[in-house]
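Only the coordinates and a few stated rules stand behind these numbers; no lab work does. These numbers were taken from a predicted model, which means no experiment stands behind them. All Cβ positions, glycine included, derive from the backbone under ideal geometry; neighbour counts span all protein chains shown.
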Amino acid sequence: MSQAARELRIARQTLHRVLAGTAAVSPEMATRLARLSGTTPQFWLNLQQHYDLWHAEQALSGVLSLIPTHTLPAAIQMEIGLRHGR
């Protein structure tokens with residue numbers, strides 16, 4: 001871990017916190033990790049997002065079942081789809 005932290009140009013403690021899940025992967029950290037690992041920043045940010053969503057769903061599990069689901073109007077669905085390149 002010390003060598004990786006040196007190569008990333010960050011403190012060893014910072015890398016340890018990221019790997020332990022006690023610190024989030026920021027866009028800056030994702031860029032560093034991508035460079036070091038030969039992947040993309042988006043790969044690391046996606047991992048962080050999946051981690052965050054899982055924790056949010058666990059924390060809200062009792063409340064989510066109480067929230068009704070509504071279908072968005074077709075015009076809004078189309079607008080969202082266009083913005084996301086679908």
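Annotations for the structure displayed:
- Annotation note: of Met29, Met1, the sole residue that is surrounded by fewer than 11 Cβ atoms within 10 Å (Cβ to Cβ) and in contact with a Leu (Cβ under 9 Å, 6 or more places away or on another chain) is Met1.
- Set side by side, the residues His55, His70, His50 differ, and just one is over 17 Å from the mean Cα position of the chain (by Cα) and either acidic (Asp, Glu) or surrounded by fewer than 14 Cβ atoms within 10 Å (Cβ to Cβ) (or both), which is His70.
- Some residue of the stretch 26-47 being more than 21 Å from the chain's Cα centre (by Cα) and either assigned to a loop (DSSP other than H, G, I, E, B) or in contact (Cβ under 8 Å) with a residue 12 or more places away in the chain (or both): no
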